[in-house]
Amino acid sequence: MMLMAVGVVMVTNRWLSERFAETTRYRAELRLALYSGNMISELQRTSVVPLLLAGDPVLGDALRNGNFSATSQRLIKVQSEIGAASILLLDREGRVVGATNRNMLGTAYRNQSFYVDALRAKDTVFTAAKRESGGFDFTYSRSITIDGRVAGVIAVSVDLMKYERAWAGFQDAVLVTDSEGTVILATEPRWRGVALADAMAAREPPSAIGRAIQATADWAQDPPDAYLQGKAVMKTEARVPFRGWRMLTFTAYDSVRERVNGVLALEIMGFAILLALTFYVLSRRAWSQTISFQRESAELRLLNARLQREIAEREKVQKDLAVAELTLAQSSKLAALGEMSAAVSHELNQPLAAMKTYLAGARLLLQRKRPDEALSSFQRIDDLIERMGAITRQLKSYARKGGEAFEPVDMRHAVSSALSMMEPQLKSRVVKITRALPRQPIIVLADRIRLEQVIINLLRNALDATKDRPSPQIDLMLSQGETATLTVRDNGHGIADLVNLFEPFYTTKKPGEGVGLGLAISSGIVGDLGGRLTARNAEGGGAVFEMQLPLMGPNKEQQAAE
């Protein structure tokens, strides 16, 4: 059965691949004929415009008399009637004296190929000139003869780039080459102006895994026509009846493989069901023989298990009772001690890290005999020691509502102070910090130390969340509406559990990197200040924390002043 399944799958795969590939190639040929026909129609329609304008009496009189006031208006009218991309009228010196785009008046094209070729030829000439910025300009030009001598040149541009833009909307890659094999139109901008062989250079897969995947994708079909950026494609080519041009399209085999794989999946599923039924029939007989022995032994096992369970339960109850008596007293002591030590460690970790950085800087400054700058570092260390004392005092108030130390605080200054405290950690990594702070003050009634500690906790969480990102970024935005709102957004991995996020000792960090008290303490502080702290996942990835605090009103300002 297995051999039959493999054979059927291989034959079906080969037959369907050839059939669907032939259908895909036929559709590509039809699209190619349509693309080529539209382009040739545009070229033929534009090729007659220079011949008509060369005999226009208005343009001839303007070149004879040197009065070009009405030439641009005449060309604009012709453009609207014919639908050409742009039309230029040049005098004998190669200077633009009339144009549908008036900004080009006075521009000199004396050395351009379309002007030089038109002067040398008596008929309409076609030129394809490469731009400096990429792409090509396609122009029909013809000289204007008055009284047996050349008086000027009329040039009409052909907008073939619109077809290029239209082709880019399809999945196929399309390009057009001239008679020398140079790509002049392509849906891939980097192909323009290079030889076809260079544009179609195959790129090897980057690794052995990539080569294995490519081999797996191509095993069931004939060798592909070409490889485009390491991917097998079907090439369709047609000759354009114009100056030896050729048009090529490249269609990926993805659509063919998807359709074939869908049919193969149904076949494999059918064989799997048939194989499962076969195993079921074969195992049914053995199962019926063993069912009687299972019934007899089930009662014995049940009785034995019941006796063992009762004995184990009695022994377990005795042991648990003794352990519970010892654990109950010890856990109550360790709970209070653990919460206090974890909170102290969490709150004092940031100032201690900053003090270590400033001490190292002061030592280096003293070695370089720069005592004045070292004194500045010592002053910062003194401020940090003062801040640590304030933090230890604040730890006593975490379990009760505060309010006696509240004062008017400018949220902008609190954000700047928190960033200053985080300066050593920010300098140790390459992190993009963006701040959006209003110009006017945003005053709230709060404890400055505790408010700064909340901002530091949010910044530290954002730094930890972006630790594994290649381009870490943290955005801070302070706004004022009905409340003062501080938004801290990062491009990290986001929040997996929003429900338990603000619970004490909940953390996703590794042991030793965090105890899970930062957000719980921050939420309690914000609640004491009369606000709220919320979190959500950003739409583009990352986490967003919002801290909303009530603005300080006129009555509160008067009470604070008193």
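The values are calculated or read from the model by the stated rules, or taken from the named source; none is laboratory data. All values derive from a computational prediction rather than experimental measurement. A quick note on method: Cβ atoms are made from the backbone with ideal geometry, for glycine too, and the neighbour counts reach across all protein chains shown. Heavy atoms of the whole protein, side chains included, go into the accessibility calculation; ligands, DNA and RNA do not. Shrake-Rupley method; radii C 1.70, N 1.55, O 1.52, S 1.80 Å.
Structure values in brief
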quantity: Accessible surface of residue 117 - all protein chains present, 1.4 Å probe, nearest 10 Å²; calculated: 60 Å²
quantity: Computed lengthening from residue 190 to residue 242, 0.36 nm per intervening residue step minus Cα-Cα distance; calculated: 16.3 nm
quantity: 13 Å beta-carbon shell around residue 486, net charge (K/R +1, D/E -1); calculated: 0
quantity: Fraction of accessible area attributable to carbon and sulfur, the range 48-206 (%, probe 1.4 Å); calculated: 46 percent
quantity: Amide hydrogen neighbours beyond the local backbone of residue 101, cut-off 5 Å, H modeled; calculated: 87
quantity: Dipole in debye (nearest 20) - the range 86-193, about Cα centre, beta carbon charges: Lys, Arg +1; Asp, Glu -1; calculated: 320 debye
quantity: Virtual paramagnetic centre 7 Å along Cα→Cβ of residue 5, amide N under 14 Å, in the range 276-311; calculated: 276-280
quantity: Accessible area, probe 1.4 Å, largest first, for residues 132, 423, 164, 386; calculated: 132, 386, 423, 164
quantity: Segments 91-101, 292-302 sorted - mean Cβ within 10 Å per residue, highest first; calculated: 91-101, 292-302
quantity: Long-range HN-HN contacts of residue 185 with modeled amide H, under 5 Å; calculated: 176
quantity: Across 432/467; 130/162; 356/427; 130/235, pairs whose alpha-carbon gap is larger than 21 Å; calculated: 130/235
quantity: Solvent accessible area, Å² - residue 464, 1.4 Å probe, full protein context; calculated: 50 Å²
quantity: Order of exposure, largest accessible area first, which applies to 177, 107 with probe 1.4 Å; calculated: 107, 177
quantity: Fully extended contour minus Cα-Cα distance, from residue 170 to residue 323, at 0.36 nm per residue; calculated: 47.7 nm
quantity: Translational diffusion coefficient (Stokes-Einstein; Kirkwood radius from C-alpha pairs) of the range 406-459 at 20 °C, 1.002 mPa s, in µm²/s; calculated: 179 µm²/s
quantity: Exposure rank, largest accessible area first [429, 368; 1.4 Å]; calculated: 368, 429
quantity: Computed E for residue 378/residue 198 - FRET, C-beta separation, R0 60 angstrom, nearest 0.05; calculated: 0.40
quantity: Cα convex hull of the range 142-185 - mean projected area over all directions, nm²; calculated: 4.6 nm²
